[in-house]
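Asks: Dumping the structure here so I can ask a few things about it.
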Amino acid sequence: MPGKPALIVMGFMGQSPFAGVAWQALHYLEGFRRLGYDVYYLEDTGSWPFDPEQDAVTSRSLYTVRYLARLMSWCGLAGKWSYRSPSDGGLHGLSPAALERVLGRAEVLLNVTGATILRGEHTRVPVRIYVESDPFLAQVEVRQGMQKTVSFLDAHTHWFTFGENIGRPGCGIPLCTQFDFKPTRQPVVMDWWRQPGGGRDGSPGGPAPFTTITSWRQTGKDALWEGETYLWSKHLELLKFVDLPRRTGEPLEMALACREEEVTRMLRSRGWRVADALALSRDIFPYRDYILASRGEFTVAKDQYVRPWTGWFSDRSACFLAAGRPVVTQDTGFGAVLPAGEGLFPFRTMEDILAAFEAIRADYPGHCRAAREIAEEYFSAERVLARMMERAGAPAPAA
């Protein structure tokens, strides 16, 4: 009987050691393991990692290596991971000889979020999949002839994007004839997000708020396309709805990564509760507990996802749905591929948000069940990843 096909997931969990980044990659690793692949994690971004203990980007890899070893042990992949130190090129986890053997027999490589620029040893893997979690900018750069982006994408054999409306009428993602982007979404391991005790629709005790986990300001990725500037920073969309707490009786909280004290003061003056996102993101379990203790999620999307009608959907919001928590989120056009109106509510205006809160209040247990059902049907890791492998024509494990 032939062995399991070897599959490599490339990510940046060590470079950015925060829970949201970790959960995203862990869902891929576990999803492929459950499908029957021989799964390995490889991190080789060339970027210096952030060390939360020093609160700084650093050339040292001690924290990073300990963090990755702990995560890989938790998910059952101890001894099946590799991290290359950007400072000296040293390998941690797999030995150089073991990594060489893995790269030599791997049949599929996934470059999740495109954090890694593939090199010669990576391109030995016959099926090389780029998973784009942030649609629009790369397609714009290709159409503008940016050779760095073209070369980066060209190192892959297949391309998938969270911009699920790509190619649909009304979607503004530029089409790139040389790269056949196919739609995908975040996989979620459903049993990792069950309410403790096995409950499917139990609401958290006390006056639980609608929450989200976010940073305030992001820079460097605005896109100019056909005379318009499409903005990258999420705070510009949040400001459009900053007075929401004054319009609703629902408690609202942001777990916020922001060092600007004036921003925190402004939000609290408008009625927002503000928690420290960095504190709860240093480990995967407080992050998960925070979602499970929330009434639901209220969040916005970046202008770069909203105006081009990309169909993008947040990997974090998918976790809220899997936890059985209703999601109220800014409309990116995802209603073309996901059901809305029960458990999941897209909005464009303040009135849309208030109507969603009213509907959730009227039948909270029902909307919790609907949220979980959406996650099971549309985000289950086994379904999402099997579909990706099928569309890529990748080797599948023997039944």
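The values are calculated or read from the model by the stated rules, or taken from the named source; none is laboratory data. Values in this document were obtained by computation on a predicted structure and should not be read as measured data. Cβ coordinates were reconstructed from backbone atoms using ideal geometry, including for glycine residues, and neighbour counts include every protein chain displayed.
Asks: Scan region 56-72 for residues that are outside any helix (DSSP H, G or I) and loosely packed, with under 15 Cβ neighbours inside 10 Å and report the count. I'd like the intermediate steps shown before the answer.
Replies: Initially, region 56-72 is screened for residues outside any helix (DSSP H, G or I), giving 56-61.
Going one step further and asking which of them are loosely packed, with under 15 Cβ neighbours inside 10 Å, we end up with 56-57, 59-60.
The qualifying residues number 4.
Asks: From the set of residues in region 375-388 that are assigned to a helix (DSSP H, G or I) and surrounded by 21 or more Cβ atoms within 10 Å (Cβ to Cβ), which is farthest from the chain's Cα centre (by Cα)?
Replies: M388
Asks: Surrounded by 18 or more Cβ atoms within 10 Å (Cβ to Cβ), over 18 Å from Y41 (Cα atoms) and of a type in the set (S, T, N, Q): does that describe Q147?
Replies: no
Asks: Right, next: Output the number of residues of region 324-355 satisfying the condition of being out of contact with any Cys (no Cβ under 9 Å at 6 or more places or on another chain) and either assigned to a loop (DSSP other than H, G, I, E, B) or not β-branched (V, I, T) (or both).
Replies: Here is the first cut: in region 324-355, the ones out of contact with any Cys (no Cβ under 9 Å at 6 or more places or on another chain) are 327-332, 334-335, 337-342, 344-355.
Cutting the leftovers down to either assigned to a loop (DSSP other than H, G, I, E, B) or not β-branched (V, I, T) (or both) gives us 330-332, 334-335, 337-342, 344-352, 354-355.
Total meeting the criteria: 22.
Asks: Which residues, taken from region 14-42, are within 17 Å of A78 (Cβ to Cβ), in contact with a Ser or Thr (Cβ under 9 Å, 6 or more places away or on another chain) and not in a helix (DSSP H, G or I)?
Replies: Of everything in region 14-42, those that are within 17 Å of A78 (Cβ to Cβ), in contact with a Ser or Thr (Cβ under 9 Å, 6 or more places away or on another chain) and not in a helix (DSSP H, G or I) turn out to be G14, Y40, Y41, L42.
Asks: For region 293-318, what are the residues that are buried (at least 20 other Cβ atoms within 10 Å of the Cβ) and either closer than 15 Å to F210 by Cβ or not assigned by TED's automatic domain parsing to the domain that holds R361 (or both)?
Replies: Correct list: S294, R295, G296, E297, F298, T299, V300, S314, R316, S317.
Asks: Just for region 290-326: of the residues that are out of contact with any Pro (no Cβ under 9 Å at 6 or more places or on another chain) and among the β-branched types (V, I, T), which one is farthest from R369 (Cα to Cα)?
Replies: V306
Asks: Can you pull out every residue in region 293-333 that is under 17 Å from the mean Cα position of the chain (by Cα) and among the small types (G, A, S)?
Replies: Listed by number, the residues that qualify are A301, G311, S314, S317, A318, A322, A323.
Asks: A further question follows. Quick check on my filter: what residues within region 216-227 are part of a strand (DSSP E or B) and out of contact with any helix residue (DSSP H, G or I) (no Cβ under 7 Å at 6 or more places or on another chain)?
Replies: L224
Asks: With respect to the numbered conditions (1) surrounded by 21 or more Cβ atoms within 10 Å (Cβ to Cβ); (2) within 15 Å of L385 (Cβ to Cβ), which one is the sole condition not fulfilled by F18?
Replies: Condition (2) is where F18 drops out.
Asks: Please pick out the residue among R391, R361 that is under 23 Å from G36 (Cβ atoms), surrounded by fewer than 21 Cβ atoms within 10 Å (Cβ to Cβ) and of a type in the set (D, E, K, R). Even if it seems obvious, please write down each step before you answer.
Replies: Working: R361 fails: under 23 Å from G36 (Cβ atoms).
Only one candidate qualifies: R391.
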